[in-house]
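The values are calculated or read from the model by the stated rules, or taken from the named source; none is laboratory data. What you see is a predicted model, and the numbers here were worked out from it, not measured in a lab. Cβ placement follows ideal geometry from the backbone for every residue including glycine, while neighbour counts extend to all protein chains displayed. Remember, those area values only see protein heavy atoms, side chains included, never the ligands or the DNA or RNA. Shrake-Rupley method; radii C 1.70, N 1.55, O 1.52, S 1.80 Å.
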Amino acid sequence: MSRIPPITSEQADPKAAELLGNVKSSLGMVPNIFGTMANAPSLLEGYLGLSGALGASSLSGKLNEQIALVVAGANQCDYCASAHTALGGMAGVDADEMARNLSGQSDDPRTQLVLNFASEIVSAKGHVSDDRIAELRENGFSDREMLEIFGQVMANIFTNYFNHLAETEIDFPVVTTPAAQAA
């Protein structure tokens, strides 16, 4: 059971109700995370604004989902692992690859570099090594791409910690994160 229950558009204040309506139009449903965030309209608005801005980055939707999965695995967030496995499938990520991503692994060398970077951001609390930055640059990653990856990691830490606090009820097919990956 959730510590902080989600609210419906009918229960929400006018601003939150409008935002929930936008979520429903976009996703066809209002996931529990957004209904729960609606208890604090400014929080919901802030998260949706950040998420929308990052969705317009130069990173592919597929890579964004893979970043979300490695962060969910590192932070043991089963809600985000479940949601981003569903969204990752819609973005074209293979099911076996998503399972590897949750543990920080990828069959694609370029994606592996991104997952290593994202994992280090989480485990080192942002204190990423000079060697990691050099490795990314040597492999053609621009400063823009590195910062956009960082943004995706931070947005996913936000939702991971939110779900830990609220104990958001999972409303996607349940995916359990590997315990050994916790940062």
Tell me, please, whether a residue that is in contact (Cβ under 8 Å) with a residue 24 or more places away in the chain, open to solvent by less than 40 Å² (accessible area, probe 1.4 Å), in contact with a Phe, Trp or Tyr (Cβ under 7 Å, 6 or more places away or on another chain) and in a helix (DSSP H, G or I) can be found in the stretch 167-183. no
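Return yes or no: is Ile4 in contact (Cβ under 8 Å) with a residue 60 or more places away in the chain, touching a Ser or Thr at 6+ places or on another chain (Cβ under 6 Å) and under 24 Å from Gly88 (Cα atoms)?
Criteria not met by Ile4.
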Of (1) among the hydrophobic types (A, V, I, L, M, F, W, C); (2) open to solvent by 50 Å² or more (accessible area, probe 1.4 Å); (3) within 16 Å of the chain's Cα centre (by Cα); (4) more than 14 Å from Thr159 (Cβ to Cβ), Met29 satisfies every one except (3)
Among (1) open to solvent by less than 20 Å² (accessible area, probe 1.4 Å); (2) assigned to a helix (DSSP H, G or I), which single condition is Ala12 missing? (2)
Residue list for the stretch 133-166, filter: touching a residue at least 40 places away in the same chain (Cβ under 8 Å) and open to solvent by 40 Å² or more (accessible area, probe 1.4 Å): Arg144, Glu145, Phe158, Tyr161, His164, Leu165
Report yes if Arg144 is basic (Lys, Arg), touching a helix residue (DSSP H, G or I) at 6+ places or on another chain (Cβ under 9 Å) and farther than 18 Å from Asn75 by Cα, otherwise no. no
Cβ pairs under 9 Å, 6+ apart, first in the stretch 10-28 and among the β-branched types (Val, Ile, Thr), second open to solvent by 100 Å² or more (accessible area, probe 1.4 Å): none
Looking at the stretch 45-57, is at least one residue in contact with a Lys or Arg (Cβ under 6 Å, 6 or more places away or on another chain), under 25 Å from Thr8 (Cα atoms) and surrounded by 18 or more Cβ atoms within 10 Å (Cβ to Cβ)? no
Top-ranked residue of the stretch 58-71 - restricted to ones that are out of contact with any His (no Cβ under 6 Å at 6 or more places or on another chain), within 13 Å of Gly88 (Cβ to Cβ) and not β-branched (Val, Ile, Thr), ranked as surrounded by the fewest Cβ atoms within 10 Å (Cβ to Cβ): Ser60
Residues satisfying the stated conditions in the stretch 60-90, i.e. within 19 Å of Glu145 (Cα to Cα) and small (Gly, Ala, Ser): Ser60, Gly61, Ala68
